[in-house]
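Peer 1: First the structure, then my questions, so here it is.
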Amino acid sequence: GMPPAYQYTRSTKKRDIVDASRNALSALNDAELREQNYVLTGETVYSEAYADDVRNWQEELAALELVAPNDPAVPLVQEFSKSGTRTLSELAMVVSLYDRTGRDAALERIRKSSGIVYLDQARNSVAKIQDVDGGPFDLTSRTVTSVLSYFRRLLAGAVVLFFLTVTGTILQMLEIRRPH
């Protein structure tokens, strides 16, 4: 078979490819979130965080392109790079609209933008990269992510329930206080 040293570096490389693509995707997701927070609040803390996310994306993508040559995932990495770049240029467009003309134009652009489509394509590419290069080592973090998203949904449901209950209670109190 292959020399053990080669097998070791191969599996390390695969892990690096999966990690870098995940980190790059995470930076993209964060950038989208911070861009929207910035448009909604106008707080510079969000535009600064957004700029950091863009830098993180560039660094992780560079790392990814560095470890990916000769890997079966190369075409997927190129696909990912393209959709990620499109996502970010869409986000940049929204931010510059907000800075130039204000919230309404920016929100309108977010509504009509293909940004979300590009981001989905990027997520798909990373899922495929994971299928090609993800070994058994990657099961744990995938499980953690799905557990987290489950709790997020649970929490969202709890918050909605809480508001409904509070609203219901207030309405009842108003009902009781009304003279009959």
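Peer 1: How about region 4-58: which of its residues are under 27 Å from Arg109 (Cβ atoms), among the acidic types (Asp, Glu) and without any contact (Cβ under 8 Å) to a residue 40 or more places away in the chain?
Peer 2: As a first pass, look at region 4-58 and keep what is under 27 Å from Arg109 (Cβ atoms): 24-58.
Imposing the further condition that a residue be among the acidic types (Asp, Glu) reduces the set to 30, 32, 35, 43, 48, 52-53.
Result: Asp30, Glu43, Glu48, Asp52, Asp53.
Peer 1: Residue by residue through region 95-122, note down the ones that are touching an Asp or Glu at 6+ places or on another chain (Cβ under 9 Å) and of a type in the set (S, T, N, Q).
Peer 2: Ser113, Ser114, Gln121
Peer 1: So if I check each of Val132, Val94, which one is of a type in the set (Val, Ile, Thr), open to solvent by 50 Å² or more (accessible area, probe 1.4 Å) and in a helix (DSSP H, G or I)? Steps first, please.
Peer 2: Values: Val94 fails: open to solvent by 50 Å² or more (accessible area, probe 1.4 Å).
Matching residue, one of Val132, Val94: Val132.
The values are calculated or read from the model by the stated rules, or taken from the named source; none is laboratory data. Since the structure is predicted, the reported quantities are computational estimates derived from the model, not experimental observations. As a convention, Cβ positions derive from the backbone with ideal geometry for all residues, glycine included, and neighbour counts pool all protein chains shown. What goes into the accessible areas is simple: the full protein's heavy atoms, side chains included, and nothing from ligands, DNA or RNA. Shrake-Rupley method; radii C 1.70, N 1.55, O 1.52, S 1.80 Å.
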